[in-house]
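Right, one structure below, let's go through it.
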Amino acid sequence: MNGPELIVPKARRKGFAARAFANPAFVCGAVTLGLIFAMAVFAPLIAPYDPLAQDMTNRTASPFWLAGADWAHPFGTDGLGRDYLSRIIYGARISLLIGIFTVITSGIIGTVMGVVAGYFGGKVDLVINFLIMTRLTLPVIMVALAVVAIFGGSLTVVVLVLGLLLWDRFAVVIRSAVMQIRNQEYIQAAQSMGYSTPKLLFRELLPNIFDRFAVIATFEMAHAILLEASLSFLGLGVQPPTPSWGLMVAEGRQYLLFDSWLILIPGAAICVLVLAINMMGDALRDVLAPENRN
Amino acid sequence: MQRIGLALLVCVAVSLLAFTLLNASGDVAIAVAGEEATAAQIEAIREDLGLNRPLAVRYGEWLANAVQGDFGNSLFFRQPVAELIAYRLPNTMTLAVMALGVMLALSVPLGVAAALRPNSIIDRAAMLIAVLGQAMPNFWFALILIVVFSLTLGIAPPSGSATLGHFVLPAIALGYYSTPPMMRLIRQGMIEALSSDYIRTARAKGISGWKVVFKHALRNAVIPVVSLTAVQFGNMLGGSVVIETVFGIQGLGFLAWESISRMDLPVVQAVLLIVAVFYVVMVLLADFINAWLDPRIRTQ
């Protein structure tokens, strides 16, 4: 059925992105993330060496800030003589892939649950609340470790298990957002004009919860990246010789005493990436609700 | 009452999930038998462990025993899982309690100080600490603590769980990680409380500044803090895997990691269930404490 078009607050949505880019913290985070993203995409062009190529004659060479460093390897080499800078550059791919695909998976699951619970309410809401509670009760790291141990440590398994675990915040936030919105006049107007439920959900409801979705998505992306690093560090995530930053910290552990930069560099890389994403998330949250800033 | 019923239901759901997840995949008998085992040996092990019966029957039996504190035998240690856990639980509890102490010692003063002067240097420093705490991978922070305090300065033991001193670095690593959300909550709560009418009245009555902050404002800001503390305590039990592994603490998390690596499923199931039940209990406790602290919630 084709009713007359409703004028929904599209202007506000545009304002959301514009206001985000007017926020210095958001721009700072976005630029850093953009640089890391470019580094990941163009890794083969930027990386000076093959990240898997070993050179047993040149193991644990020092990085540029230590004595005896060789500028051929600015970040030095690891215990197998692999160029550390190249491994860091390629490692960005793993972190970003995990972050992005986990958020797509968990975002879809959580949004569907949140919308269904918030829009239909009643018994459906009770069931979904129960699912959320059950999920919150499961210790994420332990379950993820167990699943990876059973199904093997590939990128797909890690993304799937994290995606299936990290939907709770999406569901909680979107559920309450939908509950707020569904009683507003423009939704009721659309209902009275005979919009079908799917049309109403996709045309009226979803565009108006997008900003809240964006805030959660940034934080959950950071969360997923940190979890992948932990899983790989514990040996039950991405498997060697793949250059994953968490795995590189684990491999550097045996050189803790004399070559502690081997854990310092990949850890700092995780830190910078997560910091950039969180900065964007914090800024988005401020833009969304400026009254909460102080 | 309704809440307790729901909590029980959640526990059952978690036990079912944990059981099916760990049993529906892979063949434990083959893992136990090792690579050189013959088909007959594997069949004998399967018979011995009761793995050839339907999943539902095994789940029912496992849950019935688990409720009575019998989690079966570890496939690796060949001793009751309950014993293994009883031996390790105190270490994890010590770690979690100390980590909670670290978290509160950091977040309460910083949160209050930040709220007293929003956008001041203290506020910004507190925010920086929070932002860093959320961005640093906790295993990395733990390793840096080891490098600085154990290997370089030599003032803390790098690993083990022999004395309370062994728990200091792990507690800092685990506690710092859960500081940021707590600090934000305290800061937010204090800012709201300090700008409320009753504080203005108290100040107008001439009550001294510090007394207003601690006796009147903090008291109201502390209500959500109590429930977050309880939930964080529940989370720490599950989150201790990484920290216990880094510091070699013989606790529940380390046991879980070792058992997962060895596919010692009875242990993994038991740990998962205990951590989940503990979390549920903590959430319930948080609800009760809240109702007790805040009469407004009770009447709802």
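The values are calculated or read from the model by the stated rules, or taken from the named source; none is laboratory data. Nothing here was measured: the structure is a model prediction, and the numbers come from that model. With ideal geometry, Cβ positions are generated from the backbone for all residues, glycine too; neighbour counts draw on all protein chains shown. Surface accessibility is based on the protein's heavy atoms, side chains included, excluding ligands, DNA and RNA. Shrake-Rupley method; radii C 1.70, N 1.55, O 1.52, S 1.80 Å.
Axis of helix A:24-41 versus longest Cα principal axis of chain A: the two differ by about 60°, to the nearest ten degrees.
State, to one decimal in nm, how far the label point of A:F42 lies from the label point of B:V131, with both points 7 Å from Cα in the Cβ direction. For the pair A:F42/B:V131, the computed spacing is 2.7 nm. Along the positive direction of the dipole of the stretch B:183-300 (beta-carbon charges: Lys, Arg +1; Asp, Glu -1; about the Cα centre), which of B:S195, B:I223, B:Y279 reaches farthest? Working it through, the farthest residue towards the positive pole turns out to be B:S195. If I take R0 = 30 Å and measure r between the Cβ atoms of B:S159 and B:A86 in this structure, what FRET efficiency does the formula 1/(1 + (r/R0)^6) give, to the nearest 0.05? Efficiency at R0 = 30 Å is approximately 0.85.
Helix B:39-49 and the long axis of chain B differ in direction by around 50°, with both axes built from C-alpha atoms.
Computed over the Cα atoms of the stretch B:82-255, the ratio of the radius of gyration to the Kirkwood radius (Rg/Rh) comes to 1.07.
Cα centroid separation, the stretch A:171-240 to the stretch B:111-168: 33 Å. Under 5 Å between amide hydrogens, built in the peptide plane, is the criterion, and for A:L256 it picks out nothing among residues at least 5 positions away or on other chains.
With the charge dipole of the protein assembly as shown set up from +1 on Lys and Arg Cβ and -1 on Asp and Glu Cβ about the Cα centre, the Cα lying farthest toward the positive end among the listed residues A:A47, A:F210, B:P90 is that of A:F210. If R0 is 25 Å, the Cβ-Cβ spacing of A:T197 and A:F16 corresponds to a FRET efficiency of close to 0.45. Counting only alpha carbon atoms, the long axis of helix A:10-21 and the longest principal axis of chain A meet at about 20°. Summed over both chains, the accessible area lost when A and B associate is about 3800 Å², using a 1.4 Å probe.
Quick one: length gained pulling B:L6 to B:L55 fully straight, 0.36 nm per residue minus the C-alpha distance?
On the way: separation 49, 0.36 × 49 = 17.64 nm, distance 2.50 nm.
This chain segment gains 15.1 nm when fully extended.
For B:K211, the aspartates and glutamates whose Cα comes closer than 18 Å to its Cα, not counting residues fewer than 8 places off in the same chain, are B:E192, B:D197. The length gained by stretching the chain between B:K211 and B:A44 to full extension, at 0.36 nm per residue less their Cα-Cα distance, is 52.9 nm. So what is the calculated 222 nm ellipticity per residue for the protein assembly as shown, using -39500 (n - 2.57) for each DSSP H run with n of 4 or more, over all residues, to the nearest 500 deg cm²/dmol? Result for the protein assembly as shown: -23000 deg cm²/dmol, rounded to the nearest 500.
Under a Cβ-only charge scheme (Lys and Arg +1, Asp and Glu -1), can you give me the dipole magnitude of the stretch B:82-255 about the Cα centre, in debye to the nearest 20?
Value, rounded to 20: 800 debye.
Can you work out D for the stretch A:1-159 in µm² s⁻¹ from Stokes-Einstein, where Rh is the Kirkwood radius over C-alpha pairs, the temperature is 20 °C and the viscosity is 1.002 mPa s? It diffuses with D of about 104 µm²/s by this estimate.
I'd like to know which of B:G175, A:L227, B:T20 lies farthest towards the positive end of the charge dipole of the protein assembly as shown, counting +1 on Cβ of Lys and Arg and -1 on Cβ of Asp and Glu. Positive-most Cα among the choices belongs to B:G175. Remark on the protein assembly as shown: hydrodynamic radius 26.3 angstrom, per the Kirkwood mean of 1/r across alpha carbon pairs.
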